[in-house]
Amino acid sequence: QVQLVESGGGLVQAGGSLRLSCAASGSDFSVNAMGWYRQAPGKQRELVAHITNGGITNYADSVRGRFTISRDNAKVTVYLQMDSLKPEDTALYYCNADIRTRWNSNLIRYWGQGTQVTVSS
């Protein structure tokens with residue numbers, strides 16, 4: 001059983017920073033791409049940032065230049081450094097990882113439980 005556990009959300013004032021972490025745990029698995037999505041109340045879930053196994057990154061236009069995604073393959077952890085936060089960044093943030101297990105060679109997308117980020121004006 002593979003699990004993704006997020007941490008680092010919270011309440012911050014506009015202009016502030018937060019760092020989210022998401023660690024994968026379990027046994028007999030390998031991780032391909034990892035990423036972060038967010039969902040604000042009444043809106044669809046949207047991609048925030050994505051990072052491949054080789055470190056190639058992609059960002060939503062709304063966060064490019066303010067957010068930085070990175071990963072530590074040894075710790076099987078993905079990070080999202082969020083700077084210059086705006087009230088419109090308020091959302092539930094989910095991490096995901098494309099994973100192969102010993103029992104399934106297909107890539108399966110796993111999701112974390114979500115961590116709340118609230119930016120006050």
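Kindly check whether there is at least one residue in the stretch 57-66 that is in a loop (DSSP other than H, G, I, E, B), charged (D, E, K, R) and under 16 Å from Trp111 (Cβ atoms).
Within the stretch 57-66, none of the residues are in a loop (DSSP other than H, G, I, E, B), charged (D, E, K, R) and under 16 Å from Trp111 (Cβ atoms).
Can you tell which of Tyr37, Tyr94 is in a strand (DSSP E or B), of a type in the set (Ser, Thr, Tyr), open to solvent by less than 40 Å² (accessible area, probe 1.4 Å) and touching a strand residue (DSSP E or B) at 6+ places or on another chain (Cβ under 9 Å)?
Tyr94
Looking at the structure I just gave you, is Thr115 hydroxyl-bearing (Ser, Thr, Tyr) and under 16 Å from Val2 (Cα atoms)?
Against the criterion (hydroxyl-bearing (Ser, Thr, Tyr) and under 16 Å from Val2 (Cα atoms)), Thr115 does not qualify.
Quick check on this structure: which one of Lys75, Lys43 is within 16 Å of Val2 (Cβ to Cβ), outside any strand (DSSP E or B) and open to solvent by 30 Å² or more (accessible area, probe 1.4 Å)?
Lys75
Please name all residue pairs, on different chains or six or more residues apart, with Cβ atoms under 8 Å, provided the first residue is in the stretch 5-28 and is over 9 Å from Val119 (Cα atoms) and the second residue is part of a loop (DSSP other than H, G, I, E, B) and of a type in the set (Ser, Thr, Tyr).
Ser17/Ser84
So which of Ser7, Ser21 is loosely packed, with under 15 Cβ neighbours inside 10 Å and either modelled with pLDDT of 95 or more or under 14 Å from the mean Cα position of the chain (by Cα) (or both)?
Ser7
In the stretch 37-56, which residues are within 19 Å of Ala24 (Cα to Cα) and among the polar types (S, T, N, Q)?
Hits for the stretch 37-56 are Thr52, Asn53.
Of the residues Gly54, Gly65, Gly114, which single one is at positive phi and either touching a His at 6+ places or on another chain (Cβ under 6 Å) or open to solvent by 50 Å² or more (accessible area, probe 1.4 Å) (or both)?
Selected residue: Gly65, the only one of Gly54, Gly65, Gly114 that is at positive phi and either touching a His at 6+ places or on another chain (Cβ under 6 Å) or open to solvent by 50 Å² or more (accessible area, probe 1.4 Å) (or both).
Output the residues belonging to the stretch 75-121 that are in contact (Cβ under 8 Å) with a residue 60 or more places away in the chain, under 14 Å from the mean Cα position of the chain (by Cα) and over 15 Å from Gly9 (Cα atoms).
Matches in the stretch 75-121: Asn96, Ala97, Asp98, Tyr110, Trp111.
The values are calculated or read from the model by the stated rules, or taken from the named source; none is laboratory data. Because the structure is predicted, anything quoted here is derived from the model rather than measured. Please note: Cβ atoms are built from the backbone with ideal geometry, for glycine as well, and neighbour counts cover all protein chains shown. Protein only, heavy atoms only, side chains kept; ligands, DNA and RNA dropped before computing areas. Shrake-Rupley method; radii C 1.70, N 1.55, O 1.52, S 1.80 Å.
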